[in-house]
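See structure below.
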Amino acid sequence: MKNHYNNSAKNYIPQEIEKKWQANWNNNNQYIASENAEADKSFYALSMFPYPSGNLHMGHVRNYVITDVIARFHKMRGYQVLHPMGWDAFGLPAENAAIERGIQPDIWTNSNISEMKNQLERLGLSIDWSRELNTSDPDYFKWTQYIFLELFNSGLAYQKLATVNWDPHDQTVLANEQVDAEGYSWRSGVKVEKKQLKQWFLKITDYADRLLEDLSLLKGWPERVKTMQSNWIGRSVGSEITFKIDSLQDLSITIFTTRPDTVLGITYIALSPENPLIENIIEEKYLTEFNKFKATLKNLSDIERDSDNRDKKGLYLGFNVIHPISKELIPVWVSDYVLDGYGTGAVMGVPAHDNRDYEFAKKYKLPIKYVINKNINPQVEDIDSPFTEEGYIINSGDYNGLSSTHFRDLIVEEGNKQGWCENKTTYRLRDWLVSRQRYWGCPIPIVHCQECGVVPVNKDNLPITLPKDIKLSGKGTSPLEIHKTWKHTTCPKCNKPAIRETDTMDTFMCSSWYFLKFVTKKGKSNPFLKDTINKWLPVNQYVGGIEHAILHLLYSRFITKALKDRGLFDIDEPFQKLLTQGMVQAITFKNKRTNKYISTHEIDNIDNPVDPKSGDPLDVFYEKMSKSKYNGVDPSTVINKYGADTARMFILFKAPPEKDLEWDDADVEGQFRFLNRLWRLFSNNHIKESLRKSTNKYTNNNQLTDKEKIVRRSTNIAIQNISNDIQKRNQFNTAISELMKLTNTLNEHLSKCSPDIIKESLSILVKLIAPFAPHLAEEFWNQIGGKGSIHNEKWPNLDEQALSTETYKMIIQINGKVRDSINIDKKHNDDEIKSLCLKTDVVKKWLGGAEIKRIILVKGKLINIVF
């Protein structure tokens, strides 16, 4: 759209404007949340807080800008907004970085926080920095320890010997969720090993049903995330069947199954290699082979062992169980596909009716007995594959001919009466392993006393802080374990010498409650002020990556429910609405032969890229921005060149927030041009003069000129669409598109409007711009004579009357084909409409004097002239 105005003022220099207004906001405490907010007029907007790596990347920018738009919009709608920020500061990356540099982790962490905070402030975010928190600050982790004690005292925290995922590089334990599908650590990238260690767990499984069932309450969450959590919890309803061990009938093996109707098809029982029963029963002559078999699994993750694509391995253990119905002897095997952490660590092998059991039986030449068939006919129709569907019982004596569903109910009822079967619900979800064998984490507030056993630290003695005089190597046992003095203490119960727990907590423990801490000001002695939490929580809008769908979000829900049960507050879910933004991707170059990434700066010809060293042609594709892939864009570079408002507008406009965003410099330039077009509009001398003449009076719609009606209608269409885009759809890209449409309309028609209409439309435009480009909006508001900050102004109200029009577009068809259109006054009757349409030059041309057979009129829409 051509700009009708010449630039009569200085050029748009965003860096000057942004620096000025950021200073103004800081000096006026613009974004400090009110302590006196009413619950029904409070709005809590929160981004998932970052790990302080030292560098802000475009993924951060996208996350925080999205939240900022939502926060600013709700503030203008009259809400008291809480929009805080903090730092997820504990963890292995900081400890490893400190080891590399020969400094303490707190020095490294605090330096990075300072750097990243400066970068965030340049984005012009409406953050209440007075509530800033750092999870490695004793004032914060004192309360992480307090929460641990609350869980311990309610029986939800316990220690046990367990087979765990051991990261040999980072020398620490990983939760199952922190190991990828190939068995590699999500942090270090090395192959994870299995190890037996005494570890601390939280009983998240006690909350499995509530975590699952309450997903239905989360109306503002993406279905994808709820499905991921549901699958991870993995509730299965079935039966537990007990098999007595032959010759040792005081011992038994219990299995869980969802298909008790296949019980007569069992041809073997398989135990997990970790099942403690094995070593109590196995004969000496089988023990050596068993230990060899077990050793081969040391470096396999549970995910690898459970994979359907992997060849299954097993070993006969030399003993049998007695079938509870047929009384036949069933051989007991050990197999790598059976996991100790799932179900009972034992499965019944029914190869005729389970794909995995079928493959195992074929490999080891075990019997395959079909007991369910598609039809009542006892002849099995396909003996080359397992039958896994419902059907009819066969090869089962008196039970033959029963439907499998009927038999299932019958066999459970009989087994229940006889004491070998009972209904059972199991879960895929395991208890949360929170122990870590490293230094830079929250100390677990437990002491071990020879007299008293495991004893919690008194809450009055919190926080248990980390020692400063420590040497970190990243190798061997926990640094706290080998510290000369730190672990030595006295028992809170008997005052005798005792040893502190030397494991630290999983960093997800620190991030599972931080949203609760933000609602109380710094310096408050207790963050769990029930009235304050009940007022602000749940978080109205939470924004973060889909990668946190299971770990962080599930843990946060669990901690919230557990603390509610302890009476600390009344909320049951932490996050009301969840927005999971897509990744920011960039053009990436990779040598397919060497598997190495190549930096854009090393490539001479982007259209025909080759490896600068080998000359190999490079693959070109979009991939998530990453330092290791040399495709990252430094936000500071963009801000230095174009300003923060341009960076914000691009990141919001390029793609819907839930979709991945492909970085393109040309699109950044496009947003910069749009902001310049706005600058020229507000800098025009005619506009400035009109603003001075404005009386600020509202003009009724029936008193407006045609141009003024177009301007007011376009302005209100923008109000309506942008409000819906932010509030209902989170579609910020289409909201910015509406801003562009309105700007084009104003550029075209505003010069023909009265001063009052110019002032009205520009005032509204500035308010609509404010959440997206806050610095420029503040500057424009100042230029048009607005009082105070634009961000304290009310969001514009929709004028429904302005949306209505006195005319509508009538489509003209001739013999059913569209040939023309005409604007028709709503007051015209049918005869007048027909007359006007027949008089148009296009209709006259097509008719050519021919006789009209009939005219079909659909009033308000179209007319079809048939000849």
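Being over 18 Å from THR426 (Cα atoms) and touching a residue at least 40 places away in the same chain (Cβ under 8 Å) is not true of SER236. Listed conditions (1) at pLDDT 90 or above; (2) surrounded by fewer than 17 Cβ atoms within 10 Å (Cβ to Cβ); (3) not in a helix (DSSP H, G or I) are all met by VAL519, apart from (2). Note on segment 295-313: among residues that are in a loop (DSSP other than H, G, I, E, B) and hydrophobic (A, V, I, L, M, F, W, C), the one that is nearest to PRO168 (Cα to Cα) is LEU300.
For segment 498-508, does any single residue satisfy the condition of being open to solvent by less than 10 Å² (accessible area, probe 1.4 Å), closer than 20 Å to TYR44 by Cβ and either part of a loop (DSSP other than H, G, I, E, B) or in contact with a His (Cβ under 9 Å, 6 or more places away or on another chain) (or both)? Within segment 498-508, not a single residue is open to solvent by less than 10 Å² (accessible area, probe 1.4 Å), closer than 20 Å to TYR44 by Cβ and either part of a loop (DSSP other than H, G, I, E, B) or in contact with a His (Cβ under 9 Å, 6 or more places away or on another chain) (or both). Selection of segment 606-643 for residues being under 17 Å from LEU123 (Cβ atoms) and open to solvent by 60 Å² or more (accessible area, probe 1.4 Å) yields ASP634, THR637, ASN640, LYS641. Is there a residue in segment 114-133 that is closer than 25 Å to PRO443 by Cα, open to solvent by 10 Å² or more (accessible area, probe 1.4 Å) and free of Cβ contacts under 8 Å to residues at least 24 places away in the same chain? Yes, segment 114-133 has at least one match.
Within segment 748-791, the only residue that satisfies the criterion of being touching a residue at least 40 places away in the same chain (Cβ under 8 Å) and at positive phi is GLY785. Remark: pairs (first residue in segment 283-294, assigned to a helix (DSSP H, G or I); second residue among the hydroxyl-bearing types (Ser, Thr, Tyr); Cβ separation under 9 Å; 6+ apart in sequence or on different chains) = TYR286/TYR316.
Out of SER42, SER47, SER34, SER53, I need the residue that is surrounded by fewer than 15 Cβ atoms within 10 Å (Cβ to Cβ) and either at pLDDT below 95 or of a type outside the set (Asp, Glu) (or both). Which one?
SER34
Within segment 134-150, restricting attention to residues that are of a type in the set (Ser, Thr, Tyr) and in contact with a Phe, Trp or Tyr (Cβ under 6 Å, 6 or more places away or on another chain), the residue that is least open to solvent (accessible area, probe 1.4 Å) is THR135. Look at SER335 and say whether it is of a type outside the set (A, V, I, L, M, F, W, C) and more than 41 Å from the chain's Cα centre (by Cα). It is false that SER335 is of a type outside the set (A, V, I, L, M, F, W, C) and more than 41 Å from the chain's Cα centre (by Cα).
Annotation note: of SER301, SER239, SER307, the sole residue that is at pLDDT 90 or above and surrounded by 15 or more Cβ atoms within 10 Å (Cβ to Cβ) is SER239.
Open to solvent by less than 40 Å² (accessible area, probe 1.4 Å) and modelled with pLDDT under 95: does that describe GLU708? Yes; evaluated as a whole, the condition is true for this residue. The number of residues in segment 721-751 that are open to solvent by less than 30 Å² (accessible area, probe 1.4 Å) and under 25 Å from GLU708 (Cβ atoms) comes to 12. Within segment 774-812, the set of residues being touching a strand residue (DSSP E or B) at 6+ places or on another chain (Cβ under 8 Å), modelled with pLDDT of 90 or more and surrounded by fewer than 18 Cβ atoms within 10 Å (Cβ to Cβ) comprises just one member, ILE811. Among residues of segment 404-417 that are touching a residue at least 24 places away in the same chain (Cβ under 8 Å) and closer than 20 Å to ASN375 by Cα, none has a beta-carbon under 8 Å from a residue that is of a type in the set (Ser, Thr, Tyr) and exposed (fewer than 14 other Cβ atoms within 10 Å of the Cβ) at least six positions away or on a different chain.
Do the conditions hold for THR425, that is, is it touching a His at 6+ places or on another chain (Cβ under 9 Å) and either farther than 30 Å from PRO168 by Cα or not hydrophobic (A, V, I, L, M, F, W, C) (or both)? In short, no. Highlighted here are the strands (runs of 3 or more DSSP E) found entirely within segment 314-412 that include at least 2 residues which are farther than 13 Å from THR262 by Cβ and either modelled with pLDDT of 95 or more or open to solvent by 10 Å² or more (accessible area, probe 1.4 Å) (or both): 314-322, 329-335. Screening THR227, THR258 for residues that are more than 30 Å from PHE360 (Cα to Cα), open to solvent by 50 Å² or more (accessible area, probe 1.4 Å) and of a type in the set (S, T, N, Q) leaves exactly one candidate, THR227. Every condition in (1) outside any helix (DSSP H, G or I); (2) closer than 30 Å to PRO635 by Cα is met by GLU115 except one, and the failing one is (1).
Among the residues of segment 644-677, the ones that are open to solvent by 40 Å² or more (accessible area, probe 1.4 Å) and part of a loop (DSSP other than H, G, I, E, B) come to 5 in all.
For segment 214-224, filtered to residues that are touching a residue at least 60 places away in the same chain (Cβ under 8 Å) and open to solvent by 100 Å² or more (accessible area, probe 1.4 Å), the residue that is nearest to LEU429 (Cα to Cα) is ARG224.
Would you be able to say whether some residue in segment 261-281 is closer than 18 Å to ILE330 by Cα, among the charged types (D, E, K, R) and not in a helix (DSSP H, G or I)? Looking through segment 261-281, none of the residues is closer than 18 Å to ILE330 by Cα, among the charged types (D, E, K, R) and not in a helix (DSSP H, G or I). Within segment 69-109, being small (Gly, Ala, Ser), crowded, with 20+ Cβ neighbours inside 10 Å and either at pLDDT 95 or above or on the phi > 0 side of the Ramachandran plot (or both) holds for ALA71, GLY86, ALA89, GLY91.
Go through ASP431, ASP469 for me and flag whichever is more than 14 Å from GLU501 (Cβ to Cβ) and surrounded by fewer than 17 Cβ atoms within 10 Å (Cβ to Cβ).
Only one candidate passes the filter, namely ASP469.
Restricting the search to segment 820-848, which residues are farther than 14 Å from MET810 by Cβ, without any contact (Cβ under 8 Å) to a residue 12 or more places away in the chain and open to solvent by less than 80 Å² (accessible area, probe 1.4 Å)? Residue satisfying the conditions is GLY848 alone.
All of PRO463, PRO527, PRO492 fail the test of being touching a Ser or Thr at 6+ places or on another chain (Cβ under 6 Å) and assigned to a loop (DSSP other than H, G, I, E, B), apart from PRO527. Entry remark, segment 436-452: residues being closer than 26 Å to CYS494 by Cα, open to solvent by less than 20 Å² (accessible area, probe 1.4 Å) and not β-branched (Val, Ile, Thr) number 4 in total. Surrounded by fewer than 16 Cβ atoms within 10 Å (Cβ to Cβ), touching a residue at least 12 places away in the same chain (Cβ under 8 Å) and under 23 Å from TYR140 (Cβ atoms) - does that describe any residue in segment 482-497? No: segment 482-497 contains no residue that is surrounded by fewer than 16 Cβ atoms within 10 Å (Cβ to Cβ), touching a residue at least 12 places away in the same chain (Cβ under 8 Å) and under 23 Å from TYR140 (Cβ atoms).
The values are calculated or read from the model by the stated rules, or taken from the named source; none is laboratory data. In this text the structure is predicted, and so the values were computed from the model without any measurement. Cβ sites come from the backbone with ideal geometry, for glycine too, and all protein chains shown count toward neighbours. Note: accessible area is taken over every heavy atom of the protein model, side chains too, but ligands, DNA and RNA are not part of it. Shrake-Rupley method; radii C 1.70, N 1.55, O 1.52, S 1.80 Å.
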